[in-house]
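The values are calculated or read from the model by the stated rules, or taken from the named source; none is laboratory data. Note that this is a predicted model, so its numbers are computed, not measured. FYI the Cβ positions are ideal-geometry reconstructions off the backbone, even for glycines, and counts take in every protein chain you see. In case anyone asks, the SASA skips ligands and DNA or RNA and just uses the protein heavy atoms, side chains included. Shrake-Rupley method; radii C 1.70, N 1.55, O 1.52, S 1.80 Å.
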Amino acid sequence: MISLQDIREAEGRVAEVINRTCLDHSATFSRLSGNQVYLKPENLQKTGAFKIRGAANHVLQLDPRKARGGVITPSSGNHGQAVAYAASLAGYPAVVVVPEDASPAKVAAIKGYGAEVVFYGTTSLERIEKARELARERGMAFVHAFDDPWVMAGQGTIGLEILEDLPDVDAVLVPVGGGGLISGIATAIKESRPKVLVFGVEPAGSNSMYLSCRAGKATELKGVNTIADGLRTSRPGELTFPVVQKYVDDILLVSEEEIKTALVTLLERGKLLAEPSGAVTVAALLAGKVPLREKKVAAVISGGNVDLKLAAELIGEA
Ligand SMILES: *Cc1c(COP(=O)(O)O)cnc(C)c1O
């Protein structure tokens, strides 16, 4: 398990690379939700999502003599972009393994950071296998999107920043995919201030962490169905799940309608463009799913890399 000390070290390591995002009180979301709401806008983070924190923490601790081959990751989304960006800053070659049907926009973004793109298979399991094989062949470091201690500790730096900006915070809301983000944040929060509540938020259509916590063991979903593409994970990580079991107070579920409403409301009222995955925490607040009243609640907006066509559709529907 990672510790508070690992997260403190990560904070020093990634300081030069990341944006130190703010924590902004929102009168509008406070009024709409009945709590004092503070937004942590990681949509304004470098590469458009928090993933740069964990990717940079992994890449910057590599021993340059051993990591000559560079880094490789099987993610086509925000993590792939973050690894490509962190590797370019550190001067390592990077390879991102993407599905054969990856969106041209994502492929262009990854190439824009100077990484090589390898197209392989269609499922995440196929990509992970391929990336591990290439890592062995080419002597590259494999960077998992969530089940990696360096990645988890890097994401945890968000927890330290929240405590620094709002020492008397009562609760923190965190989107949950594989659980890297929440395991880092929960470790930072609970090992500093055990009384602060930490809630995860998942789409009801991709609720593997919720089910796993209820069952007391990692539970795999047969399929996932959500607009929140960063949260389409079918099972929790082997490293992240025990941390969630130990430190997370509860997992809240939101519907697809609630996510869409939150995205549009964040844009209209908060002037923030979140991607669906990043809007789930505000969705939980607006839908009255957070079991608190008049408390100081920090909501992590985890990313803003939304396809503009999709954003336009959602605005049109609203
Ligand atoms: C990856 C991601 C998440 C989920 O993070 P995990 O560490 O997999 O739980 C949430 N939001 C965005 C925008 C992401 O890119």
- Out of the residues in the stretch 161-192 that are touching a Pro at 6+ places or on another chain (Cβ under 8 Å) and not in a helix (DSSP H, G or I), which is surrounded by the most Cβ atoms within 10 Å (Cβ to Cβ)? Gly179
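Among Thr187, Thr157, which is the only one that is of a type in the set (Val, Ile, Thr), touching a Leu at 6+ places or on another chain (Cβ under 7 Å), under 24 Å from Ala49 (Cβ atoms) and more than 11 Å from the ligand (Cβ to nearest atom)? Give the derivation first.
Details: Thr157 fails: touching a Leu at 6+ places or on another chain (Cβ under 7 Å).
That would be Thr187, the only listed residue that is of a type in the set (Val, Ile, Thr), touching a Leu at 6+ places or on another chain (Cβ under 7 Å), under 24 Å from Ala49 (Cβ atoms) and more than 11 Å from the ligand (Cβ to nearest atom).
Just give me the residues in the stretch 16-62 being free of Cβ contacts under 8 Å to residues at least 12 places away in the same chain and open to solvent by 60 Å² or more (accessible area, probe 1.4 Å), in sequence order. Write out each step before concluding.
Just the residues of the stretch 16-62 that are free of Cβ contacts under 8 Å to residues at least 12 places away in the same chain, to begin with: 16, 27, 30-31.
Passing the criteria: Glu16, Ala27, Arg31.
Kindly provide the set of residues from the stretch 229-254 that are farther than 22 Å from Val172 by Cβ and open to solvent by less than 60 Å² (accessible area, probe 1.4 Å), ordered by number.
If we filter the stretch 229-254 for residues that are farther than 22 Å from Val172 by Cβ, which is where we start, we get 229, 232, 234-235, 238.
Listed by number, the list holds a single entry, Ser234.
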- Could you please give the count of residues in the stretch 86-126 that are closer than 27 Å to Arg235 by Cα and aromatic (Phe, Trp, Tyr)? 2
